[in-house]
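What follows draws every value from the coordinates through simple rules; no lab data is involved. It should be emphasised that the depicted structure is a prediction, and the values quoted were computed from it without experimental measurement. We place every Cβ from the backbone using ideal geometry, glycine too, and count neighbours over all the protein chains shown.
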Amino acid sequence: MLLLFASAIGFLFLAIERYFNVIDKTQEYGILRVLGASSDYFFKILLCETLVIAVPGAVAGIVLSFWIRLGVGLVYPKFLRMDVLILWWPIALGIAAMESMIGGAIGIRKAVRDGVIQALSYEK
């Protein structure tokens with residue numbers, strides 16, 4: 001239950017982080033929109049950014065799980081056993097990519113809608 005709660009908090013945190021990351025780029029998206037970029041173009045940008053973030057993050061998580069497994073095996077060899085299942089690797093990558101895309105997609109919709117007005121009324 002604790003792992004499920006921690007996963008839900010992580011899911012929420014990453015989605016909110018991606019949302020605000022996209023909202024910070026509202027002016028750039030507005031300029032691209034004024035120049036004629038389509039909504040599909042923005043979602044392709046979001047997908048590329050998500051993969052650049054999610055894939056190394058998932059790989060780092062897998063490597064970290066092996067290190068933790070080694071440490072637990074050395075410290076508590078008789079009491080604790082930790083298995084790392086290869087079957088869960090693509091699932092972990094999918095979850096990380098999905099939560100990042102959800103937060104980013106919500107932000108993209110708002111940024112594209114409000115970005116044109118903000119890009120045309122730029123003040124420094």
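Observations on the structure shown:
- Over all pairs of different C-alpha atoms in the chain, the reciprocal of the mean inverse distance, the Kirkwood hydrodynamic radius, equals 16.7 Å.
- Angle in degrees between helix 88-120 and the longest Cα principal axis of the chain, rounded to the nearest 10: 20 degrees
- Protection proxy ranking of 76-86, 41-51, by the mean of other Cβ atoms within 10 Å over each peptide's residues and highest first, is 41-51, 76-86.
- Extension gain from Ile62 to Ile102, taking 0.36 nm per residue of separation minus the Cα-Cα distance: 12.1 nm
- Gain in span if fully extended, Ser39 to Glu17, counting 0.36 nm per residue against the direct Cα distance: 5.8 nm
- Sites Cys48 and Leu70, calculated FRET efficiency, Cβ-Cβ separation with R0 35 Å, nearest 0.05: 0.55
- Helix content alone sets the calculated 222 nm mean residue ellipticity of the chain: runs of n ≥ 4 DSSP H residues at -39500 (n - 2.57) each, divided across all residues, give -29000 deg cm²/dmol.
- Against the chain, whose longest principal axis is taken from its Cα atoms, helix 39-75 shows a tilt of about 20°.
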